[in-house]
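Notes for the one structure printed next.
Bear in mind these aren't lab numbers, they're just calculated from the coordinates by the rules spelled out. Because the structure is predicted, anything quoted here is derived from the model rather than measured.
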Amino acid sequence: MKTTAAFLLLIIIGFSSCKSSNRKIEGPKGKFIVNTIGKDSVADKEISINFNPEKGQINGTGVCNSYSATYVVSAENIKFSPAMATKMMCPEGTSIEYNFFQALLKAENYRIKKGILSFYTAENKLILTAKDD
């Protein structure tokens, strides 16, 4: 009985010492400026993605609004939560921001080559590119 209690105590101590804030997420790091969404060039819009691997969060600016979301990386797989964004009036950027947020939600894989971050769907279709800032 004492052995079982000691074993359970060790398991509890082991799990309680695992803090999610100490977990480091691998994958993209730093700031990227979006070049394309699908086949459309948006380089002049200066849409940014700032990766914080320590917290598993991204934030940045769309065409008119600021946003944030969480993400998870495993090898070359990536998955984003729906973004929370401000609601600034932005007639010229509404569809671009919508397409940007949809691209993040559809992203399943990523690659970084020569400072260019690329997101792909599960079918390996390129949906977004961004340049390392």
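Beyond a 22 Å Cα-Cα separation, which of these cross-linked pairs lie in this structure: Lys39/Lys125; Lys29/Lys113; Lys39/Lys87; Lys29/Lys131? Pairs exceeding 22 Å: Lys39/Lys87.
Its residues counted as N, region 24-132 yields a C-alpha radius of gyration over 2.2 N^0.38 Å of 0.97.
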